[in-house]
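Okay, so here's the structure we're looking at.
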Amino acid sequence: MLRYHRLLSPAAGMLLALAALAAPGRGTAATAAYEIFVSNEKSGDITVISGADFKAVATIPAGKRPRGLHASPDGRLVYVALSGTPIEPPPQLDAQGNPIFRRHQDKDDDDEAANADKSADGIGVIDVATRKLTGKINAGSDPEEFALSQDGTRLYVSNEDVATASVINIRSGKVEHIIPVGQEPEGAATAPDGKRFYITCEAGGDIYAIDTGTFRVAGHFKVPPRPRSVAFLPGSNLAIIPSESTGQLNLIDTGELKVLRVIELPAGSRPMSVKVSPDGKRIYASAGRAGTIAVLDAQTFALVTTIKVGTRPWGITLSPDGRYLFSANGPSNDVSVVDLSLDKEIARVAAGRQPWGVTIVARAN
C-alpha cells in the first residue's frame, strides 16, 4: 500500500505529477503523483490504481451501479453517479446499425420502474485521503453521467430515465434546477469557459447546450444516434461528440451549435468516450465493441492509428502529462494502460466487475 501526505492545490499537484513522471526511477512508490479511480458498475465499487506502478491499491465500496465519476478541482474528493435502476442489456440494432428503443410506458417500463431502488440514486462523495464513501448528494432520478461547474460548486447531471438534466448545489446538497431535455440523456460536459454545459441524449441524438447563468437551453441540435460524451479542442470553438451506433465522430461548432463535419471511424467502431491530448494535437476515442482506441490528428481529423486494448473499452482518461491513456474495459473486468509514445498497450490491471468510468486524481508524494 502506498503512503501519501496532505494534498496540494490542483495546480501544484499537477506540476508535481509532471515532474515525477519525468524523473528517474519511475515505477517506485516514491514517484507516485496521481491515482486512477475506476467505477465498477456491477460490483458496486471503485478500484484505485497507482500511477507509479499501475497496480491496484484499494477497493472502495460505493453503492449501486457506479458509472460516471469525476474529481473535484482540488483533488480532495471524487464524485460518482449511483443508480438503483436495474442494468439493461444494450439495445438491438437495426440494419443500419441504429438502436431499436422500446416504446415508453409499455410493460417493460412498468416492470423496470417497479424494480428500481430509488433510494440508491445519487452522487456519491468519496474522500480521497481516507478512501471512503462519506456521503451521497440527491441528484434526481437515475443519474448516469455528470459534469462539474468550472468553480467546482455545482454538478450538472443527466437523469436518464426521466429525460431531464439536474443542477445540484454541492454545498447545500439541493437540486436547484431541473431542465427538460431529450429521451435518455447520457453525457454531460462543461465548456472550457464555464458558460455552458452540454447534455447528450442517446435515443434521438439530441444535444442540448444549457447556459450556466440562466440555466435555460441556449441551443439544441442533433447528431446520429447514441451520442455519449463531449470533448473540447483547446483554444478553439470546436468540440467532438461521438455517435456510438454509427461509428462516427461529429465535429461541432460550439458558437453556432451545428455539426461541421462527420468523421468516419474504422468499421466495427462504437465510440463512447473521447479525450483530447493536453497539447491539443491528438484525439482519442474508445471504440467500444471494436476493442480499440482510435487515434486521430486534431488538425486534419485523419485517423493516425488504432490501439488494441481490452474488451469493449468504455470510459477513458489521460495521465496529467498526456503520456498514458487508461481505458475501462467492461466485459474483461480490467483497465488497459496505453503508452502513447508507443501507441501500444503495456499493461492490464484487474478491476471490479464491469468497469465503466475512469478519472485521474493528482496526489502529493
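The values are calculated or read from the model by the stated rules, or taken from the named source; none is laboratory data. What you are looking at is a predicted structure, and each value in this text was computed from that prediction instead of being measured. Glycine gets a Cβ as well: all are built from the backbone with ideal geometry, and neighbour counts include every protein chain shown.
For segment 275-289, the set of residues classified as in a loop (DSSP other than H, G, I, E, B) and buried (at least 20 other Cβ atoms within 10 Å of the Cβ) consists of A287 only. No other residue among V167, V157, V181 is in contact with a Pro (Cβ under 8 Å, 6 or more places away or on another chain), within 28 Å of L233 (Cβ to Cβ), crowded, with 17+ Cβ neighbours inside 10 Å and of a type in the set (A, V, I, L, M, F, W, C) apart from V157. Residues in segment 206-216 that are surrounded by fewer than 16 Cβ atoms within 10 Å (Cβ to Cβ) and farther than 17 Å from N237 by Cβ: G213, T214, R216. Only one entry in A139, A129, A147 is part of a loop (DSSP other than H, G, I, E, B), at pLDDT 90 or above and either crowded, with 21+ Cβ neighbours inside 10 Å or touching a Cys at 6+ places or on another chain (Cβ under 9 Å) (or both), namely A139. Checked against (1) surrounded by fewer than 16 Cβ atoms within 10 Å (Cβ to Cβ); (2) under 22 Å from E160 (Cα atoms); (3) outside the structural domain of R67 (by TED's automatic domain parsing), H220 passes all but a single condition, namely (3).
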